[in-house]
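Structure first, commentary second.
Readers should treat all values here as calculations from the given coordinates under stated rules, not as data from a laboratory. These numbers were taken from a predicted model, which means no experiment stands behind them. Virtual Cβ from ideal backbone geometry, glycine too; neighbours counted across all protein chains shown.
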Amino acid sequence: MVDSKLVLTGQTAAYTAYCLVIILLIAWFSYKVTHQGKNNMVKPAFFYTFVGFLTVLGVSLHIITYNTIPWAKMDLDRRDIKPDKTYLITVKDHAFILPQEKMVVNVNEKVLFDVTSKDLTYGFGLFRPDNSMVFQMQVVPGHRNDILWKFDRPGVYTIRSTEYSGPRGPNMIVRDAVEVVAGGTSN
């Protein structure tokens, strides 16, 4: 799986460039419309060519980035995927109740985090040591709340609630709850 940090960096660069091109179009159009002199009309051929270029560029960006979201393919094929490990996690009274103190996962194992809320809507997010998010989902009482993930490198991750659930919600943190270790299977 592609690391979500890499995906975010690439998409940020691509969409920033795209927005800059759109801003240039607006600036160019504004200049041409307000410029004094005999050549103050925007030539339709230039304008529509530029708009066509933006359309092709925008659609191309969406096509190129379609399969770069790390979990998209696995989520679409989820019905046919059997997880290597399943962790049943309960959330109640602003606390995560884990099946064990530290959930140990091998690199390349597919892990299903099945999270049940007994009272409120919470979030379930996994975070790197630098506090960047690996993934997150909303945990709603009375509904199926699970996420399938494949870890591609060793690391230690913290679980946090990513949803506002009252004043005690921001303190819902379980440090070093998931450890991914080398030597796993290559599925």
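For this structure, a couple of remarks:
- Within the listed set 165, 60, 30, the residue fluctuating most in the Gaussian network model of the chain (springs between alpha-carbon atoms under 10 angstrom) is 30.
- Dipole check for the stretch 74-181: with +1 at the C-beta of Lys and Arg, -1 at the C-beta of Asp and Glu, and the Cα centre as origin, the magnitude is about 80 Debye.
- Within the chain, helix-based [θ] at 222 nm, where runs of 4 or more DSSP H residues each add -39,500 (n - 2.57), nearest 500: -10500 deg cm²/dmol
- Among 154, 44, 170, the largest mean-square fluctuation in a Gaussian network model of the chain, built with springs joining Cα atoms closer than 10 Å, belongs to 44.
- Listed by chain and number, the lysines whose C-alpha is less than 25 Å from the C-alpha of residue 102, apart from same-chain residues fewer than 8 away, are 5, 82, 85, 92, 110, 118, 150.
- Listed residues 121, 16, 162, most fluctuating in the chain (Gaussian network, C-alpha, under 10 Å): 16
- Point-charge dipole on Cβ atoms (K/R +1, D/E -1) for the chain, about Cα centre, debye to 20: 620
- Matching label, percent of Cα pairs over 21 Å apart computed from the structure shown, candidates (1) 58; (2) 62; (3) 51: (2)
- Exposure proxy ranking, count of Cβ atoms within 10 Å, fewest first, for 9, 90: 9, 90
- Within the stretch 95-182, trypsin sites (Lys or Arg not before Pro) in DSSP loop having at most 14 other beta-carbon neighbours inside 10 Å: 102, 118, 144, 168
- The modelled label-to-label distance for the pair residue 102/residue 62, using points 7 Å beyond Cα in the direction of Cβ, is 4.5 nm.
- The ranking of 91, 104 from fewest to most other beta carbons within 10 Å of each one's beta carbon is 104, 91.
- Calculated FRET value between residue 93 and residue 153, using beta carbons and R₀ = 25 Å, to 0.05: 0.15
- Here r is the Cβ-Cβ distance between residue 77 and residue 164 and R0 is 35 Å; the resulting FRET efficiency, rounded to 0.05, is 0.60.
- When 88, 120 are sorted by how many other C-beta atoms sit within 10 angstrom of their C-beta, beginning with the fewest, the order is 88, 120.
- Distance between modelled label sites at residue 5 and residue 131, nm, 7 Å Cα→Cβ extension: 1.5
- Segment residue 17-residue 30, extension gain: residue separation times 0.36 nm, minus the distance between their alpha carbons: 2.7 nm
- Shape call, the stretch 74-181: gyration tensor on alpha carbons, a/c limit 1.5: oblate
- Annotation: the antiparallel percentage among DSSP beta bridges lying fully within the chain is about 65.
- Relative to the longest principal axis of the Cα atoms of the chain, the long axis of helix 4-34 lies at roughly 20 degrees.
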